[in-house]
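Participant: Got a structure for you, written out below as structure tokens; questions coming shortly.
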There are 2 protein chains.
Amino acid sequence: MREVTIIDVSPRDGLQIEPNIISTNDKVELINRLVASGIEKIEATSFVHPAKVPQMADASEVLNEIVSKNDIKPVVLIPNMKGFERASKHQVVELNWVTSATETFNKININMSTEENFEIFKSVLREARLADIQVCFSIAVSFGCPYEGRVPEENVLQLVERAKKLGVNRIGIADTIGMATPNEVDRLIKKVLKVAGDRPVSVHLHDTRGFGAANAYAAYLAGLRIFETSVSGIGGCPFAPGSAGNLATEDLVYLFERMGIKTNINFEKLLDTADFAAKLSSKEPLGRVRHLDRERTIEELCL
Amino acid sequence: MREVTIIDVSPRDGLQIEPNIISTNDKVELINRLVASGIEKIEATSFVHPAKVPQMADASEVLNEIVSKNDIKPVVLIPNMKGFERASKHQVVELNWVTSATETFNKININMSTEENFEIFKSVLREARLADIQVCFSIAVSFGCPYEGRVPEENVLQLVERAKKLGVNRIGIADTIGMATPNEVDRLIKKVLKVAGDRPVSVHLHDTRGFGAANAYAAYLAGLRIFETSVSGIGGCPFAPGSAGNLATEDLVYLFERMGIKTNINFEKLLDTADFAAKLSSKEPLGRVRHLDRERTIEELCL
């Protein structure tokens, strides 16, 4: 039995900041490899404007390919109703909507105020229900904003409360620029879980300052069980200065398995997938475990 | 007031694995910069056989230089009575003795059984008392051994018990190859603190798998307050395959300060020192925070 759920976001958050355009084939190959590694939920792409994020211009092609070849239904990020319309033509299991915890980040990320963004979200949620698609409500810069600095917990908790009332299927707490410290994660996640009640809550972790594993550990201790990471640690947000890569999926899987927490992921295949993802990245990804002696590392999980 | 003590071990553990011989001047400069950053305790060098660790052949010269120029009394590592004799000619405040938690690592690291090693330690401790020098008893591979794998907690706790009975001044728990997970740190450190009673206990952290910060956080929560790290994260043990760099001093200082835990260290000077240390290293050190925007990072500590 799986005790934690790991959602790999590398095809979306991992690649969106990559300056070289990755071929659709390579994106599909990455997703297929993640599926083969046992990752059940994958954020496959995003329906954002191709002029804003050119890397995601082939979102439809990627989805067509993977849905025909795999037994998974992917998660996709959408920022507006246009994105919903494009996404809903595909077999997606979940839409990921992002609202930021600060006004400035909302403005820069999507050129809307928080309230404007939330109004559109409500319409999207209604449409998604009619189309029988689940919706995750993600809160960006929940722990720190590159423009506003420290983010009041109240900003996050109010959004959680509103999303819960609307009946979203999942609430995502994102440390978009890897600013969180484990004590902050402990404090905020406990409060979020309380407000969210029966709604599943995930945390989206970056490893900018090397605190990704510490924050995952703190979130786990606080009671959270769903984690968004990126294989090999590729990634970052194009609109968030200082955002380095995500926490590496394989590092977190290694950590959980060493802690005796089952992930139901094939670690060896995951390491191969991490190597594949790293080759797509023009900068050295942040993940650590894939650089160690392969045989020894796999043995360590059986200690 | 300082709430945690950070002992920088970069001049010893950081440089000993470096294949290029660093000049005595550069070693002295590194130590002087650490002192200027407000690090009060520094493991300056080791009196090991120069044929085994050529990088430390200038131990006496380094000590002569720094003691004449600074107001600090350094810590030095010694592996035997010969090392004690060499070290005791200098003004050192503390000797660091290393016994491994496994027989195999003792054999490979110092070519002695644990009991042989401990017998010599007792003689060294007697001599050190007569010379009025403090002694730290460090336990290598406390969380995982590259040769024996998982290390029974009992191995560590028995050594702690014996060291405490002998009245050592500090007990060091070393994750020599960065194998520890935060739950293991939590469990072992709580037990060690109990057995150690009034003896100060430190933890020595590597960041091989990216869990250094998570382990420091777990150790802090368990009640530990003394941390051994290496500026910029340079380092590793020449006799421990798979040991990557140490946890970076500046990353841990940043973490503590962000958590509201006072270190009494000048962070800006420490970042400069980290850059200096990184230049001495022939491979890219593991530290993260020094790569971020300097001004923004310093601001973050005041949030």
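Participant: Suppose the chain between A:Ile21 and A:Glu85 were pulled fully straight at 0.36 nm per residue; how much longer would it get relative to their current alpha carbon spacing?
Facilitator: 20.6 nm
Participant: Sort A:128-136, B:70-78, B:222-230 by packing, meaning the average of other beta carbons within 10 Å per residue, with the highest value first.
Facilitator: Sorting A:128-136, B:70-78, B:222-230 by mean packing, highest first, produces B:222-230, B:70-78, A:128-136.
Participant: Which shape class, rounded, prolate or oblate, goes with the range B:175-271 when its Cα gyration tensor gives a ≥ b ≥ c as root eigenvalues, a/c under 1.5 marks rounded, and past that a/b bigger than b/c marks prolate?
Facilitator: The shape class here is oblate.
Participant: Measuring label to label, 7 Å along Cα→Cβ, what does A:Thr104 give against each other copy in nm, shortest first?
Facilitator: Label-point distances to the other copies, shortest first: 5.3 nm.
Participant: How large is the helix-only mean residue ellipticity at 222 nm for chain B, computed as the sum of -39500 (n - 2.57) over DSSP H runs with n ≥ 4, divided by its residue count, in deg cm²/dmol to the nearest 500?
Facilitator: -13000 deg cm²/dmol
Participant: Now for a separate question. Over the whole of B:282-295, what's the average partner chain Cβ count within 10 Å per residue? Rounded to a whole number, please.
Facilitator: That works out to 2 on average.
Participant: Same structure again: Taking every residue in A:210-223, how many Cβ atoms of other protein chains lie within 10 Å of its Cβ, on average?
Facilitator: Neighbouring Cβ atoms belonging to other protein chains average 6 per residue here.
Participant: If the label for A:Glu154 sits 7 angstrom from Cα along the Cα-to-Cβ line, what are its distances to the same label in every other copy, in nm to one decimal, shortest first?
Facilitator: 5.6
Participant: Another question, if that's okay. Calculate the length of the line joining the C-alpha centroid of the range A:122-194 to that of the range B:184-228, in whole Å.
Facilitator: About 32 Å separates the Cα centre of the range A:122-194 from the one of the range B:184-228.
Participant: If you put a point 7 Å past Cα along the Cβ direction, how far is that point for B:Gly223 from the same point in each other copy, in nm, smallest first?
Facilitator: Nearest first, the other copies' label points are 2.7 nm away.
Participant: Based on the Cβ-Cβ distance of B:Thr5 and B:Arg296, what FRET efficiency does E = 1/(1 + (r/R0)^6) give at R0 = 30 Å, to the nearest 0.05?
Facilitator: In this case the efficiency is close to 0.60.
Participant: Kindly rank A:150-157, B:293-300 from highest to lowest mean number of other beta carbons found within 10 Å of each residue.
Facilitator: A:150-157, B:293-300
Participant: Oh, and also: If all Cα-Cα distances of the protein assembly as shown are sorted into 10 Å bins from 0 onward, what percent lands in each bin, rounded to whole numbers?
Facilitator: Binned Cα distances yield the sequence 3, 17, 27, 24, 15, 9, 4, 1, 0.
Participant: Any chance you could tell me what percent of the C-alpha pair distances in chain A go past 37 Å?
Facilitator: Counting pairs separated by more than 37 Å, the tail of P(r) holds 7 percent.
Participant: From the phi of every residue in the range A:29-46, what ³J(HN,Hα) in whole Hz does the Karplus formula 6.51 cos²θ - 1.76 cosθ + 1.60 yield, where θ is phi - 60° and glycine or proline is x?
Facilitator: Karplus-based 3J(HN,Hα) across the range A:29-46 equals 4, 4, 5, 4, 5, 4, 4, 5, 7, x, 6, 8, 10, 9, 7, 7, 5, 9 Hz.
Participant: Using a 10 angstrom cutoff on alpha carbons, build the Gaussian network for chain A and name the most mobile of A:Gly287, A:Gly83, A:Gly197.
Facilitator: Result: A:Gly197 has the largest fluctuation of those listed.
Participant: Further question on the same structure: In percent, what relative contact order does chain B have, based on Cα pairs under 8 Å that are 6 or more apart in sequence?
Facilitator: 20 percent.
Participant: Within 10 Å of each Cβ in B:172-183, how many Cβ atoms from other chains are there, averaged over the peptide?
Facilitator: The mean count of partner-chain Cβ atoms within 10 Å per residue comes to 3.
Participant: Mind putting a number on the dipole of the range B:5-300 about its Cα centre? Charges go on the C-beta only, +1 for Lys and Arg and -1 for Asp and Glu, and I need it in Debye to the nearest 20.
Facilitator: The calculated dipole for the range B:5-300 is roughly 640 debye.
Participant: With springs only between Cα atoms under 10 Å, which of A:Tyr147, A:Tyr254, A:Tyr220 fluctuates most in a Gaussian network model of chain A?
Facilitator: Residue with maximal mean-square fluctuation among A:Tyr147, A:Tyr254, A:Tyr220: A:Tyr147.
Participant: Using a Gaussian network for chain A with springs between C-alpha atoms less than 10 Å apart, which of these wobbles most: A:Leu15, A:Leu125, A:Leu292?
Facilitator: Per the Cα network of chain A with a 10 Å cutoff, A:Leu292 tops the list.
Participant: Just to be sure I understand: chains B and A are related by a rotation, so which residue of B has its Cβ closest to that axis, and how close in Å?
Facilitator: Closest to the rotation axis on chain B: B:Ala214, 2.
Participant: Going through the cross-link list A:Lys41/A:Lys262; A:Lys107/A:Lys283; B:Lys89/B:Lys269; B:Lys107/B:Lys283; B:Lys194/B:Lys269, which pairs have a Cα-Cα distance over 25 Å in this structure?
Facilitator: Over 25 Å apart, Cα to Cα: A:Lys107/A:Lys283; B:Lys89/B:Lys269; B:Lys107/B:Lys283; B:Lys194/B:Lys269.
Taken together, the values in this text are just the output of simple stated rules run on the coordinates, not laboratory data. All figures in this text were calculated on a predicted structure; none of them were measured in a lab. As a convention, Cβ positions derive from the backbone with ideal geometry for all residues, glycine included, and neighbour counts pool all protein chains shown.
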